[in-house]
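The next block holds one structure in the form of structure tokens; read it before the comments.
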Amino acid sequence: SGTDIRATFFKEGVEKFYNMIETDKVYTFSGGRLKVANMQYNTCKSQCEINFDQNAEIHLDNDTGDIQQQLFEFVKIADLESIEPNSYVDVIGVVKFVGEAATIISKKSGNELLKCELTLADDSGAEVSCTIWGDRATRAAQDYANQPIIAMRRCRVGDYGGRSL
């Protein structure tokens, strides 16, 4: 069950299809391998995921408007204290603070990772720290400078120094 599914491309599949697929377009996919989702690494609600390689077929399709963009199940920031750590939640709030982008070294891979801390607040009166990574962290200062309202889907709840995302 679920309203979304994770699709992953490997090696030659990435090289072949990366420049073809565009955001906000509708495609039909075939030739993938369906497998049980590893929920440790998959934040989608579906119990399955699909792997594709260079032999997949992808075709641009007509957007009839029948596909919903995104479905959210928002949780109030004040309610995060009652959510189990490592659960996934959707939140919406005002960006009250944008930290400096910083580089850290991953303990698992040894790779450098770029991160940035945001502080989000909502109408429950509570605030939460939310870490964003990679390109989003690089652009954080300009993307969130004017304290926009943002929706974040499937954020992992942490318990480092209180609840965090």
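For region 55-73, the count of residues that are in a loop (DSSP other than H, G, I, E, B), free of Cβ contacts under 8 Å to residues at least 40 places away in the same chain, in contact with a Leu (Cβ under 8 Å, 6 or more places away or on another chain) and not hydroxyl-bearing (Ser, Thr, Tyr) is zero. Just one residue in the set 112, 12 is in contact with a Ser or Thr (Cβ under 7 Å, 6 or more places away or on another chain), farther than 20 Å from residue 157 by Cα and at pLDDT below 90; that residue is 112. Screening residue 19 with (1) over 22 Å from residue 72 (Cα atoms); (2) open to solvent by less than 80 Å² (accessible area, probe 1.4 Å); (3) outside any strand (DSSP E or B) gives one miss only, at (2).
Checked against the criterion of being part of a strand (DSSP E or B) and over 23 Å from residue 44 (Cβ atoms), the candidates 81, 100, 117 yield just one match: 117.
Suppose we keep only residues that are assigned to a strand (DSSP E or B) and under 13 Å from the mean Cα position of the chain (by Cα) within region 127-149. Which one would you say is surrounded by the most Cβ atoms within 10 Å (Cβ to Cβ)?
Keep residues of region 127-149 that are assigned to a strand (DSSP E or B), which gives 127-133, 149.
Okay, now just the ones that are also under 13 Å from the mean Cα position of the chain (by Cα), so 130-133.
Numbers: 130: 20, 131: 17, 132: 23, 133: 12.
Only one residue fits best here, namely 132.
Scanning region 84-97 for residues being within 25 Å of residue 40 (Cβ to Cβ) and of a type in the set (Gly, Ala, Ser) gives a total of 1. One residue stands out among those in region 53-73 that are within 20 Å of the chain's Cα centre (by Cα) and more than 27 Å from residue 138 (Cβ to Cβ): the one that is least open to solvent (accessible area, probe 1.4 Å), which is 71. The single condition among (1) in a strand (DSSP E or B); (2) open to solvent by 90 Å² or more (accessible area, probe 1.4 Å); (3) more than 30 Å from residue 124 (Cβ to Cβ) that residue 24 does not satisfy is (1).
Taking every residue in region 3-25 that is under 13 Å from residue 58 (Cα atoms) and in contact (Cβ under 8 Å) with a residue 40 or more places away in the chain and pairing it with any residue that is open to solvent by less than 100 Å² (accessible area, probe 1.4 Å) and aliphatic (A, V, I, L, M), at least 6 positions away or on another chain, the pairs with Cβ-Cβ distances below 8 Å are 7/50; 9/56; 13/56; 17/56; 17/58.
Given the structure, is residue 92 touching a residue at least 12 places away in the same chain (Cβ under 8 Å) and either over 20 Å from the mean Cα position of the chain (by Cα) or crowded, with 16+ Cβ neighbours inside 10 Å (or both)? Steps first, answer last, please.
Details: touching a residue at least 12 places away in the same chain (Cβ under 8 Å): yes; either over 20 Å from the mean Cα position of the chain (by Cα) or crowded, with 16+ Cβ neighbours inside 10 Å (or both): yes.
It is true that residue 92 is touching a residue at least 12 places away in the same chain (Cβ under 8 Å) and either over 20 Å from the mean Cα position of the chain (by Cα) or crowded, with 16+ Cβ neighbours inside 10 Å (or both).
For region 36-47, state whether one or more residues are surrounded by 13 or more Cβ atoms within 10 Å (Cβ to Cβ), touching a residue at least 60 places away in the same chain (Cβ under 8 Å) and within 16 Å of the chain's Cα centre (by Cα). Looking through region 36-47, at least one residue is surrounded by 13 or more Cβ atoms within 10 Å (Cβ to Cβ), touching a residue at least 60 places away in the same chain (Cβ under 8 Å) and within 16 Å of the chain's Cα centre (by Cα).
The values are calculated or read from the model by the stated rules, or taken from the named source; none is laboratory data. Remember, predicted model here, so these are calculated numbers, not experimental data. Ideal geometry is used to build each Cβ from the backbone, glycine not excepted, and the neighbour counts take in all protein chains shown. Calculation scope for accessible area: heavy atoms of the full protein, side chains included, ligands and nucleic acids excluded. Shrake-Rupley method; radii C 1.70, N 1.55, O 1.52, S 1.80 Å.
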